[in-house]
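Note sheet for the following structure.
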Amino acid sequence: METKGGNYLLDAGTGIYWINEILDFRKPTCLLLSHFHLDHILGITTFQKTFKGKEITIYGEKGVKKAVDRIMRKPFYPYYFDSALFDFKVRFKELKREQEILDSTIKTAHLSHSDPVLGIRIENGGRSFVYATDTLPCKATSKLARNCDVLVHETYFSDQDLKNVKINTGHSSPKGAARIALEANAGKLFLFHINPEYDNETISRMVRDARGVFKNTFASKDFMKLKL
């Protein structure tokens, strides 16, 4: 998310390696971590490319520094932030229920996953964006997303595949996400965190399934840009 006053990165999977092609990093930048599972923090190891000569503040739940430190030490990664390899400054801060970060109001809520996870709402200039990843459909998300302009909600499973899941993995399907968007009176719903094994036909079916519940549903795509 880019505003007049800065950049907000929402989690850091490996795809963040290409973030330079999307954002203007002459602006102040922060990273907001929803949780500490590896697929959401591993991209931090690529930051020497993105933030050379700059500064970034990493926000997360209590223990955020300890969690990130774990992957920035041997045997997982050979260099820490104080290495000459990382020519930038890093600070760590905890995410609160509501706080001002750069030029936006950031609100959070605990969602429903296998481990603690935060939903994140960014409000700026009368517009609002909600990021809900790695979660089952839950009341906390609908409350956090109340009247938001855009809700980005994870849908790892198709509705068909979800029926065959034998254990509760803490992930959603299109209809579940759509019900949350409808309940929250969101403006638009974007499905993301989709099973990487799904082909375009499956994803299109997922969007159709969600639209049966919430009309303004779309599929997120790599390098997609959206203006609020």
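Read the figures in this text as sums done on the coordinates, not as results from a lab. Here the structure is a predicted model, which means the values were calculated and not measured. Backbone-built Cβ (ideal geometry, glycine too); neighbour counts: all protein chains shown.
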### Summary
Quick shape check on region 89-152: root eigenvalues a ≥ b ≥ c of the Cα gyration tensor, a/c under 1.5 is rounded, otherwise prolate if a/b tops b/c, else oblate, and it reads oblate
### Task
Give me the distance between the Cα centres of region 114-129 and region 150-176, rounded to whole Å.
20 Å
### Message
Can you tell me how region 19-94 classifies by the Cα gyration tensor, rounded, prolate or oblate, using a/c under 1.5 as the rounded cut?
### Response
oblate
### Query
Does region 79-204 classify as rounded, prolate or oblate by the C-alpha gyration tensor (a ≥ b ≥ c root eigenvalues; a/c under 1.5 gives rounded; else a/b over b/c gives prolate, otherwise oblate)?
oblate
### Translational diffusion of the chain, µm² s⁻¹ [Kirkwood Rh, Cα pairs; Stokes-Einstein; 25 °C; 0.890 mPa s]
135 µm²/s
### Message
With 10 angstrom as the radius, rank LEU85, LEU10, LEU189 by how many other C-beta atoms surround their C-beta, starting from the fewest.
### Response
LEU85, LEU10, LEU189
## Note on the structure
Per GNM of the chain with C-alpha springs under 10 angstrom, the most fluctuating residue out of GLY126, GLY43, GLY15 is GLY126
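If you filter region 16-86 for trypsin sites (Lys or Arg not before Pro), then keep DSSP loop positions with at most 13 other Cβ within 10 Å, what is left? Each step should come with its number before you reach the end.
Details: sites: ARG26, LYS49, LYS52, LYS54, LYS62, LYS65, LYS66, ARG70, ARG73; in loops: ARG26, LYS52, LYS54, LYS62, ARG73.
Passing sites in region 16-86 are ARG26, LYS52, LYS62, ARG73.
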#### Entry: Residues LYS4 and GLU201, FRET efficiency given R0 of 30 Å [Cβ-Cβ distance, rounded to 0.05]
0.15
### Query
In region 130-228, which GluC sites (Glu not before Pro) fall in coil by DSSP and have 13 or fewer other Cβ atoms within 10 Å?
GLU197
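Loop-only check: which chymotrypsin sites (Phe, Trp or Tyr not before Pro) in region 152-227 are DSSP coil with at most 14 other Cβ within 10 angstrom?
Numbers: sites: TYR156, PHE157, PHE190, PHE192, TYR198, PHE214, PHE218, PHE223; in loops: TYR156, PHE157, TYR198, PHE214, PHE223.
Sparse-neighbourhood loop chymotrypsin sites (Phe, Trp or Tyr not before Pro): PHE223.
If I stretch the segment between THR169 and PHE88 completely, what's the gain in nm (0.36 nm per residue apart, minus their alpha carbon distance), one decimal?
Numbers: separation 81, 0.36 × 81 = 29.16 nm, distance 3.66 nm.
Fully extending the segment from THR169 to PHE88 adds 25.5 nm.
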